[in-house]
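Below is a structure I'd like to ask you about.
The values are calculated or read from the model by the stated rules, or taken from the named source; none is laboratory data. Note that the structure is predicted; figures quoted are calculated from it, not measured. Note: ideal-geometry Cβ built from the backbone for every residue, glycine included; neighbour counts use all protein chains shown. All accessible areas refer to the heavy atoms of the entire protein, side chains included, with ligands and DNA or RNA removed. Shrake-Rupley method; radii C 1.70, N 1.55, O 1.52, S 1.80 Å.
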Amino acid sequence: MKKYIQLTAGRGPVECARAVTLVARELLKDFPDAGLIESEAHNTEPDCYISLLFLAETNPDKEKEWQGTVLWQEATANRFRPGHPRKNWYIGVHFIDPMELPEISDKNIVFETMHSRGHGGQRINKVETAVRATHVPSGLSVRCADERSQSQNKLRAKERLLMKLFHQQKEKIASAKHGIWNNHVFLVRGNTVKRFSGPL
């Protein structure tokens with residue numbers, strides 16, 4: 001059965017965001033077919049993520065091994081905050097049953113094409129292969145330049161738009177249930193289901 005797998009640093013510091021990346025690498029060894037659906041990068045440090053969301057084929061045994069709090073124990077000096085004494089960084093891992101995605105009519109989506117851009121803003125091709133998709137009723141918008149063809153980017157942009165609407169729907173449900181699903185806010189430290197050790 002396919003489920004969403006969410007890894008979250010909660011409200012932890014940059015070290016927790018780095019631990020999300022490292023724990024994700026370990027998790028993908030058990031779920032090699034997992035596809036990245038959404039990521040929230042740390043606002044200052046590269047390769048550090050506040051949260052990651054995957055979609056993967058799961059089974060109850062593997063879910064039981066990973067569901068809960070995972071500890072990453074720092075094995076070397078803290079490169080982010082030298083001299084800081086804390087060595088234990090906690091990551092929340094949650095398995096979420098898929099919800100039925102809202103249907104989107106193409107007539108409610110406006111697609112715009114643009115040039116893909118590389119680092120520093122320079123254009124990396126002369127053809128407008130990048131695509132921005134806007135869902136007019138909600139105002140939600142996404143941009144995709146991952147693929148080399150405009151048609152592929154258009155499909156991916158629509159998929160990402162669906163996921164944004166999905167998360168918007170989830171947030172409304174969570175709010176109605178008094179924030180029960182707010183995993184990013186409530187991260188249980190202790191009673192870890194897995195422990196890893198290594199440099200951040």
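Whenever you get a sec, line up Asp106, Asp30 from highest to lowest accessible area (probe 1.4 Å, protein heavy atoms).
Asp106, Asp30
Beta carbons within 10 angstrom, averaged per residue: use that to sort the peptides 31-43, 13-25, highest first.
Order by mean packing, descending: 13-25, 31-43.
At 1.4 Å probe size, with every protein chain present, just tell me what the per residue accessible area of the range 1-116 comes to in Å².
Ligands and nucleic acids excluded, the result is 51 Å² per residue.
Here's something else I'd like to know. Which value in nm describes the separation of the simple spin-label points at Glu171 and Lys2, placed 7 Å from the Cα toward the beta carbon?
For the pair Glu171/Lys2, the computed spacing is 2.4 nm.
For the range 1-40, list residues with backbone N below 18 Å from a point placed 7 Å from the Cα of Glu65 toward its Cβ?
Residues passing the 18 Å test: 1-7, 22-35.
Determine the order of Glu112, Glu26 by accessible area, beginning with the largest, at a probe radius of 1.4 Å.
Sorted descending by solvent-accessible area, the residues read Glu112, Glu26.
Which order do Lys62, Lys164, Lys107 take when ranked by solvent-accessible area (1.4 Å probe, heavy atoms of all protein chains), largest first?
From most accessible down to least: Lys107, Lys164, Lys62.
Under 15 Å from the Cβ of Asn191, count the other residues' Cβ atoms, weight Lys and Arg +1, Asp and Glu -1, and hand me the total. Walk me through the numbers before you get to the answer.
Details: positive: Lys64, Arg189, Lys194, Arg195; negative: Glu65.
Net charge in that neighbourhood comes out at +3.
Holding the Cα-Cα limit at 32 Å, pick out from Lys158/Lys194; Lys29/Lys164; Lys29/Lys158; Lys2/Lys87 the pairs that are longer than that.
Cα-Cα > 32 Å for Lys158/Lys194; Lys2/Lys87; rest within.
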